[in-house]
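Following: one structure in structure tokens, then a few remarks.
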Amino acid sequence: MVIKNLRVSPSPCPRVNFIDNYSSGLDIIGWGICSIMENKAFCQAAAPLSAPELVKGYCPRATIVFFCINCYCSCSRCAQVDAKINIHDIPMKLILISNPVNLVDELETIVRMFESGLTYFHLRKPDFTKEEYELFLKAIPLKYRKYIIIHHYHELIYHYELQGIHHTRRTNFQPIQLQYKVHQSKSFHSISEIKHNQFPYDYVFLSPIYDSISKQGYRSNFDFSTLADWLSRKPHSFKIVALGGINENNLAEVKQIGFDGVAILGIIWNEVKINKRLEKFKTIQAKIENLN
């Protein structure tokens, strides 16, 4: 059910205020009665992005609701109920990152993966010129560009219908400088870095969770018990995606630790032939669907 142009009355609950400010004037999807604050609350579908993931009854304030799991609040009343949520019920995302340098049949592989259901693709080509970035984007059919997140030349989001941007040390924009809402993400390499982050990204990469496949010698230093304990306490308002050494054999462990998704790179691009790349992708895709 889509309800257009509805607004939420201000509320002492910060989560309701956040949704009110975020969704005013946009298409609204899903609604329910807040069992704590006793008023209506809504989530927005955030055009031009694809609709957010909806989980029945996931927002602890609502008794009858399909709510976006991005609606997050640190108020004491909500936190008491949030603590009862099982993080293992959250569907895991599957994200593909491009190879940093061009590969034979790379574009065809990416298009075939879009056709197979890929909805998050990070275009990361650090040595590309802006013109090369544009040529790459133009080679992707228009209907799939809405799934692309770019790591460089972020101004291109104003000229192509892309999902969003990934911030790097070479980012041209500060997160708050964008003209309209797009996906924004960033990479981190320690829990401490994430703790000091103040911007509510849509998700962040944490790496390397396992020894890297694409970067030989880039080894993981994470303690999984510490990670699981930290993630279980929900100390962040954005999703945490595992990156580094992800393959079909460690997905269940990643899910059990409490990550919201996985990003894959080396497991795909180390394969030379398109069919082998697709086979790997579909195997991982199927295992994630089974875990969800």
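What follows draws every value from the coordinates through simple rules; no lab data is involved. These figures come from a predicted structure and were not determined experimentally. Don't worry about glycine lacking a Cβ; one is built from the backbone with ideal geometry, like all the others, and counts go over all protein chains shown.
Compactness ratio for the stretch 144-292: Cα radius of gyration over 2.2 N^0.38 Å (N = residue count) comes to 1.09. Inter-part distance, the stretch 116-153 to the stretch 241-292, computed on C-alpha centroids, equals 20 Å. State the answer as a single residue: which of Ser214, Phe199, His167 lies farthest towards the positive end of the charge dipole of the stretch 93-291, with beta carbon charges of +1 for Lys and Arg and -1 for Asp and Glu, about the Cα centre. With unit charges placed on the Cβ atoms, the residue in question is Phe199. With 28 Å as the limit, the listed pairs Lys239/Lys280; Lys138/Lys287; Lys125/Lys282; Lys143/Lys195 have Lys138/Lys287; Lys143/Lys195 beyond it between alpha carbons.
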